[in-house]
Amino acid sequence: MNPGQMTEFAVDDQIEELQGLKQEFLEEVKNCADLKDVDRVRTKYLSKKGLLQKRFSLLGQVSPDARPLLGKELNSLRSELSHQIQAATDRFQKVRMQHEKIDLTLPGFQQKWGRKHPITKTLDEIKDIFSRMGFTVEEGPEIENDYYNFEALNIPEGHPAREMQDSFYLAGGWVLRTQTSPVQIRVMESQSPPIRMIAPGRCYRKDTPDATHFPVFHQVEGLAVDTDLTFADLKGTISAFAKRLFGPDMRIRFRPSYFPFTEPSAEYDFSCIICKGKGCKACKGSGWLDIAGAGMVDPEVFKDVGYDPEKYTGFAWGMGVERIAMLKYGISDIRYFYENDLRFIEQS
Ligand SMILES: [Zn+2]
């Protein structure tokens, strides 16, 4: 017997043996009871060390002439086996899906709703009201330099107003803004009149926390600059805002006051929303709640930003957002806003 004959004979042998392997495989697949069985058969025959994969190593032992024949047999068997495994897998998956029933009568899992913080809600409302009156919403940095936070607002070094606003100073002469008024200066520097803007945002002062003070708070400052604005425009604007926010019965009053940024200046009050002006504990019997300050922009401020004070007049006002939110939602202590107690926040 020469080696060639022997090899041919051996290849025929191998091919016959592969047919036997295929029969065994088909029998095992037929007997599979579930997906786990199918996977076990797949591993047994088709994994790297599986029965079929091992046969591929025989390719190196047959003559180069016979190699393509055996290779073709092995490849076709591998694809046949893979196909059978896939078919069996599909069959069992289909069965499993048919058996998994969905009980539509089960109660659902209630998800918790997210809510807006009362301060955010109040800010949204204030922004909405002024936007409808034609005011733009402007923002500025919370870390300011001395010029924008004090100097440009007519509060030079040594001015008593600096003492009134105990500030958080940072290294390098920076300060956490004590008011949102610096935004007004920034807007006037970069835009020409007419201007109608509000600047809502966070402010910082070294206050000891109590029922009405907190070191962080929110302000909305407003500014209008045009050729013939008067104090009547200021009163009309704040009155329209108050009625929109608290209802048509809301009345406002102005009392003369002093602010460095405005001349003349006034503090303004809202009629007490709790007693409707009759007098109660919240308004200390006066029927009025003080809200904040306002006034006509000081011509000195206009000069600093390059507006002609002979040509333009303007009015500005501020308000504390926490104060408004406390009145609107009947909250008695400003600290509730910052403690993030879910029992409080979930009520909003
Ligand atoms: Zn009252």
**Message:** Filter segment 190-207 down to the residues that are assigned to a loop (DSSP other than H, G, I, E, B), within 29 Å of GLY306 (Cα to Cα) and either open to solvent by 60 Å² or more (accessible area, probe 1.4 Å) or of a type in the set (Val, Ile, Thr) (or both) and list them by number.
**Reply:** GLN191, SER192, PRO194
**Prompt:** Of (1) open to solvent by less than 70 Å² (accessible area, probe 1.4 Å); (2) touching a helix residue (DSSP H, G or I) at 6+ places or on another chain (Cβ under 7 Å); (3) closer than 20 Å to SER76 by Cα, CYS32 satisfies all except one. Which?
**Reply:** (3)
**Request:** Please list, ordered by first then second residue, the pairs with beta carbon atoms under 8 Å, 6 or more apart or interchain, first in segment 299-312 and of a type in the set (Gly, Ala, Ser), second part of a helix (DSSP H, G or I).
**Result:** GLY306/GLU189
**Asked** Looking at (1) open to solvent by 90 Å² or more (accessible area, probe 1.4 Å); (2) in a helix (DSSP H, G or I); (3) modelled with pLDDT under 80, which is the one condition that is false for MET1?
**Response** (2)
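Per-residue answers, yes or no, for (1) closer than 19 Å to ALA292 by Cβ; (2) touching a residue at least 40 places away in the same chain (Cβ under 8 Å):
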site	(1), (2)
ILE185	yes, yes
ALA199	yes, yes
HIS218	yes, yes
GLY222	yes, yes
THR227	no, yes
LEU245	yes, yes
PHE254	yes, yes
SER257	yes, no
**Fill in**
Sole miss for PHE302 among (1) open to solvent by 20 Å² or more (accessible area, probe 1.4 Å); (2) within 29 Å of TYR148 (Cβ to Cβ) is condition (1)
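Residues are listed down the side, and each one gets a yes or a no for (1) on the phi < 0 side of the Ramachandran plot; (2) buried (at least 18 other Cβ atoms within 10 Å of the Cβ); (3) not aliphatic (A, V, I, L, M):
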| residue | (1), (2), (3) |
| --- | --- |
| ARG96 | yes, no, yes |
| ILE119 | yes, yes, no |
| THR122 | yes, yes, yes |
| ILE126 | yes, yes, no |
| PHE135 | yes, yes, yes |
| GLU144 | yes, yes, yes |
| GLU157 | yes, no, yes |
| THR180 | yes, yes, yes |
| GLN184 | yes, yes, yes |
**Item:** Residues (part of a loop (DSSP other than H, G, I, E, B) and either among the aliphatic types (A, V, I, L, M) or within 10 Å of ILE85 (Cα to Cα) (or both)) located in segment 19-54
**Value:** ALA33
**Message:** Condition first: of a type in the set (A, V, I, L, M) and either modelled with pLDDT of 90 or more or more than 23 Å from GLN219 (Cβ to Cβ) (or both). Now tell me which residues in segment 275-320 satisfy that.
**Reply:** ALA294, MET296, VAL297, ALA316, MET319
**Complete:** Filter segment 44-73 for residues that are surrounded by 15 or more Cβ atoms within 10 Å (Cβ to Cβ) and of a type outside the set (A, V, I, L, M); the one that is farthest from GLN14 (Cα to Cα) is LYS44
**Prompt:** Taking into account only those residues within segment 267-287 that are closer than 30 Å to ALA152 by Cβ and touching a helix residue (DSSP H, G or I) at 6+ places or on another chain (Cβ under 8 Å), which is farthest from the ligand (Cβ to nearest atom)?
**Reply:** TYR268
**Selection status of ALA316, within 16 Å of the ligand (Cβ to nearest atom), within 37 Å of the chain's Cα centre (by Cα) and either of a type outside the set (Val, Ile, Thr) or within 25 Å of HIS213 (Cα to Cα) (or both)** = no
**Prompt:** Quick check: anything in segment 78-86 part of a helix (DSSP H, G or I), among the β-branched types (Val, Ile, Thr), at negative phi and not assigned by TED's automatic domain parsing to the domain that holds TYR338?
**Reply:** yes
**Asked** Does PHE254 fit the bill of being open to solvent by 30 Å² or more (accessible area, probe 1.4 Å) and more than 16 Å from the ligand (Cβ to nearest atom)?
**Response** yes
**Request:** Look at LEU327 and say whether it is within 12 Å of the ligand (Cβ to nearest atom), open to solvent by less than 30 Å² (accessible area, probe 1.4 Å) and assigned to a strand (DSSP E or B).
**Result:** no
**Request:** Check whether at least one residue in segment 145-161 is over 18 Å from SER265 (Cα atoms), at pLDDT 85 or above and assigned to a helix (DSSP H, G or I), and report yes or no.
**Result:** no
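The values are calculated or read from the model by the stated rules, or taken from the named source; none is laboratory data. Source: prediction; values computed, not measured. Glycine gets a Cβ as well: all are built from the backbone with ideal geometry, and neighbour counts include every protein chain shown. Just so you know, the surface numbers come from the protein's heavy atoms only, side chains and all, with ligands and any DNA or RNA stripped out. Shrake-Rupley method; radii C 1.70, N 1.55, O 1.52, S 1.80 Å.
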